[in-house]
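Here the structure is laid out as C-alpha cells; the discussion comes afterwards.
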Amino acid sequence: MNPDTYAVCEKLIPATYVQQGCESRRVRENKIKHLIEQRKWPEEGWDDETIELLLRELSIMDSNNFHGNCGVGEREGRLSSDMVRRRHYGLAHGIGRSGDITAIQPKAAGSSILSRLTNSMALDVIRMAGVRSAASCFVVPMATGMSLVLCFLTLRQVRPKARYIIWPRIDQKSCFKAIATAGFESVVIENCLEGDELRTDVEAVSAKIAELGAENVLCVYTTTSCFAPRVPDRLEEVAAICKERDIPHVVNNAYGVQSSKCMHLIQEAGRAGRVDAFVQSTDKNFMVPVGGSIIAGFDREFVDRISQFYPGRASAAPSTDLFITLLSLGSSGYKKLLKERKELYQHLREELSKVAEKHGERLLQTPHNPISMAMTLGNIPGGGGKAVTELGSMLFTRCVSGARVVPQAVVKEINSHTFQGFGSHCNSYRCAYLTAAAAVGMTMEDVALFVKRLDKTLAKWQGKKGVTNGPMGEEQVTKEDVVSSS
C-alpha cells in the first residue's frame, strides 16, 4: 500500500496501529531497495514473506499481469491453470529475447529485473566460492551438458575450421555426448594411474594438439568435479598449454562450486593460463530442481557472446528458483553450508574407511578429490559383473541413492566410441569399487544412516555369495560360487 492508502486506513483504526504496519512493510521494502540498488547478494538470508513480496511486485510489472491488458500476440504469457500461475508467481514471459538470453524484454520488466539480479548474485557466489577474478556469468535454463554444447557452438564462430575437442576421459555420459551434440569429433585422452588416483595425462594432451594441429582443435575440455578415483584435471598445466598454443579451454565444473579446491583450480588456471568458460549446475551446488546451470568466464565479452548465441526466449523457472534460494540463504547461510560439507567429507571418509576395513576392503587414497571417495570391492566372485551390480541394486532397494558400484571390464559404446572399463574412467582399473560423495546439504544423519545400511548390506551380500576373506583381504571363492555368478 502507498502512503495515501495508509492515511485512509487511519480513519478505520487507531493511527499508531497503522504506523506499526507501515513500518513493518518499510523494513521489507528497504531490503528490496538495497538489493536492486547494490545488486549484491545479501549477507543474511531473507524471510519468505519478504521474498514473496518482491516476487509479487516483480510479477505485477509483467504485461500479462497488467489490469485490463489486451494481448493480441501469439505469446502473451497466458496461463490456463491457476495452480501453474501460483507455482510461477505469474512470471510467464520467461527471460531474454530472440537474439540474447540476457536481453531486456519489453513485455516483462519484472522478469527482466529478476534475471539481472539473479545473474549478479550468481557472480557474487562464484567469486565468494573462490574464483575471485570471474568477470561475468549468467543463468541458463539448461542442465550442464547442454550448456557446454552452447559454449562449444559459440567457439565455432571464432574457430570455424576446428573439428576436434580434446577431452581427458571422465566416464559420465552427458559430458561426452555434449561433444557430439555440438557436432565435433572427440579426442579422448586416457588418464594416468598415480597410486590409486586417475590423473590428467598432460603430456598426451600436448602431444595430441601437436599431432592434430592447433588450428584444428576447437578447445580442450577439462573437468573439476568427478567420481573417485578420478580426480580433478590438472587445470593450471592444461591452461598454460592452451595459452601457449592459442587454443580455447572450457571447464566442466558441474558440482565444483561447493568445493574451495575446485574453485581454486579454476582461479589459478585463469590467472596463469587460459580458461574461456566454466559451467556449473544449479541443482548440484544450490539444491534447486534440475534444469539450470551457470556459465561463467574471465572475459565479459566472450560470456556475452555465449548468451547472444542462445536462440529464442528462455524459461525463467531456473533463474527464479536460484533467486529465491540465494535470497533465502544469504551469503552467510551458504558459507555455513560449504563449511559443513567440508567437515562432513572428512567424517564420511573416516566412517567409510571403518566399514571397508571391517569387510576386508580399503578406502582408496584419492586426496586430490575433495568431494567423492571410493572403497574397494575386492571380495567379489570373478572380480565383477553381476555380483557387483547386484550389490548396487541391494543398496538402492534399501533407499541408498547416489552410491555408485563400478564393476570391472564393462564395455560401452557411446556415439560410435567404445569405452573399455566404462564407469572407472580408464580401460582397466585394478579393482571394482563403490563411490560415495559428501555433497552440499548432506547431514551427519545421512552419513550415519548410509554407513549403517552399507555395513548390513555388505554383510548380507558377501554371505549370499559365500565369500570368505583370505590373506590380505583376498577372497576365497569356491567353484560353485563362480558357476552361480556366471
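The values are calculated or read from the model by the stated rules, or taken from the named source; none is laboratory data. Since this is a predicted model, take the numbers as computed values, not measurements. Methodologically, a virtual Cβ is constructed for each residue, glycine included, from the backbone with ideal geometry; neighbour enumeration extends over all protein chains shown. Note: areas computed on protein heavy atoms with side chains; ligands, DNA, RNA excluded. Shrake-Rupley method; radii C 1.70, N 1.55, O 1.52, S 1.80 Å.
Using Cα positions and a limit of under 19 Å, work out the lysines in reach of residue 173, with same-chain residues fewer than 8 apart set aside.
Correct list for residue 173: 284, 412.
Packing-wise, with mean Cβ within 10 Å as the measure, how do 65-77, 302-314, 18-30, 166-178 rank, highest first?
By packing density, highest mean first, the sequence is 166-178, 302-314, 18-30, 65-77.
Grab the Cα-Cα distance for residue 11 and residue 343, subtract it from 0.36 nm times how many residues apart they are, and report the gain in nm with one decimal.
Here the answer is 113.8 nm.
Sorted from largest down, give the three principal axis spans of the alpha carbons of region 78-160, whole angstrom values.
Per principal axis, max minus min of the Cα coordinates gives 45, 34, 25 Å.
How far, in nm, would the chain grow between residue 157 and residue 413 when pulled straight, counting 0.36 nm per residue and subtracting the alpha carbon separation?
That pair, residue 157 and residue 413, stretches by 89.2 nm at full extension.
Tell me the net charge near residue 223. Cut-off is 13 Å between Cβ atoms, residue 223 excluded, with +1 for each Lys or Arg and -1 for each Asp or Glu.
Cβ neighbours under 13 Å give a net charge of +2.
What is the Cα coordinate range of region 216-282 on the first, second and third principal axes, sorted by size from largest, in whole angstrom?
Result, largest extent first: 31, 24, 22 Å.
Just the Cα atoms of region 1-146, one point each, no solvent: what log10 I(q)/I(0) does Debye give at q = 0.12, 0.16 Å⁻¹?
Treating every Cα as an identical point scatterer, log10 I(q)/I(0) equals -0.67, -1.05.
Based only on Cα atoms, what Rg/Rh ratio does region 190-323 have, Rh being taken as Kirkwood's radius?
Over the Cα atoms of region 190-323, Rg/Rh equals 1.00.
Pull up the DSSP beta bridges for region 177-303 and report the antiparallel fraction as a percent, rounded to 5.
45
Taking every pair of alpha-carbon atoms in region 283-381, give the share separated by more than 17 Å as a whole percent.
So the portion of pairs separated by more than 17 Å is 70 percent.
How big is the convex hull of the Cα atoms of region 162-243, per residue, in Å³?
81
May I ask for the net charge around residue 305, where only other residues with Cβ less than 11 Å from the Cβ of residue 305 are counted and Lys, Arg are +1 while Asp, Glu are -1?
Net local charge, residue 305 excluded: -4.
Once region 38-81 is represented by equal point scatterers at the alpha-carbon sites, with solvent omitted, what log10 I(q)/I(0) does the Debye formula produce at q = 0.19, 0.30 Å⁻¹?
Cα-only, vacuum Debye calculation for region 38-81: -0.74, -1.14.
What dipole magnitude, in Debye to the nearest 20, does the chain give about its Cα centre under +1 on Lys/Arg Cβ and -1 on Asp/Glu Cβ?
480
Find how much the distance from residue 272 to residue 48 grows on full extension, using 0.36 nm per residue of separation minus their present alpha carbon separation; answer in nm with one decimal.
Computed gain between residue 272 and residue 48 is 76.4 nm.
Under 5 Å between amide H atoms, partner at least 5 residues away or on a different chain: which partners does residue 414 have, H built in plane at 1.01 Å?
419
Show me, for region 190-199, the HN-Hα J-couplings you get by feeding each phi into the Karplus relation (A = 6.51, B = -1.76, C = 1.60, θ = phi - 60°), rounded to Hz, glycine and proline as x.
5, 7, 9, 8, 10, x, 8, 8, 9, 10
Find how many whole Å separate the alpha carbon centroid of region 279-315 from the alpha carbon centroid of region 139-211.
Value for the Cα centre distance between the two parts: 18 Å.
With n ≥ 4 as the cut-off for DSSP H runs, can you work out [θ] at 222 nm for the chain, using -39500 (n - 2.57) per run divided by the number of residues, rounded to the nearest 500?
Rounded to the nearest 500, it is -15000 deg cm²/dmol.
What does the accessible area per residue of the chain come to in Å², with a 1.4 Å probe and no ligands, DNA or RNA counted?
Heavy-atom SASA per residue in the chain reads 46 Å².
Can you tell me the FRET efficiency between residue 25 and residue 301 if r is taken as the Cβ-Cβ distance and R0 is 41 Å, rounded to the nearest 0.05?
FRET efficiency, residue 25 to residue 301: 0.45.
With viscosity set to 1.567 mPa s at 4 °C, what whole-number translational diffusion coefficient in µm²/s follows for region 264-312 from Stokes-Einstein and a Kirkwood radius over Cα pairs?
106
Percentage of Cα-Cα pair distances in the chain greater than 36 Å, rounded to whole percent?
Within the chain, distances greater than 36 Å cover 40 percent of Cα pairs.
Taking the Cα atoms of region 1-73, report the difference between the largest and smallest coordinate on each principal axis, in whole Å and largest first.
Taking max minus min along each principal axis of the Cα atoms, region 1-73 gives 48, 38, 20 Å.
For the chain, with the dipole built from +1 on Lys and Arg beta-carbon atoms and -1 on Asp and Glu ones, taken about the Cα centre, which of 172, 182, 409 lies farthest toward the positive end?
182
Looking at the chain, what % of its DSSP beta bridges pair antiparallel, to the nearest 5?
65
For the chain, take the longest principal axis of its alpha carbons; what is the angle in degrees between that and the long axis of helix 109-129, to the nearest 10 within 0 to 90?
That helix lies at roughly 40 degrees to the long axis.
In a shell of Cβ-Cβ distance under 14 Å around residue 195, excluding residue 195 itself, what net charge do Lys and Arg (+1) and Asp and Glu (-1) give?
Cβ neighbours under 14 Å give a net charge of +1.
Against the longest principal axis of the chain, how steep is helix 15-38, in degrees 0 to 90 to the nearest 10, with axes from Cα atoms?
On a 0 to 90 degree scale, this one is about 50.
Using only Cα atoms, find the angle between the long axis of helix 300-309 and the longest principal axis of the chain, and express it within 0 to 90 degrees, rounded to the nearest 10.
90
Measure off, as a whole percent, the carbon and sulfur share of the 1.4 Å-probe accessible area of the chain, all protein chains present.
For the chain, the apolar C and S fraction of the accessible surface comes to 52 percent.
Under the rule a/c < 1.5 gives rounded, and otherwise a/b versus b/c splits prolate from oblate, where does region 72-231 land using the Cα gyration tensor?
prolate
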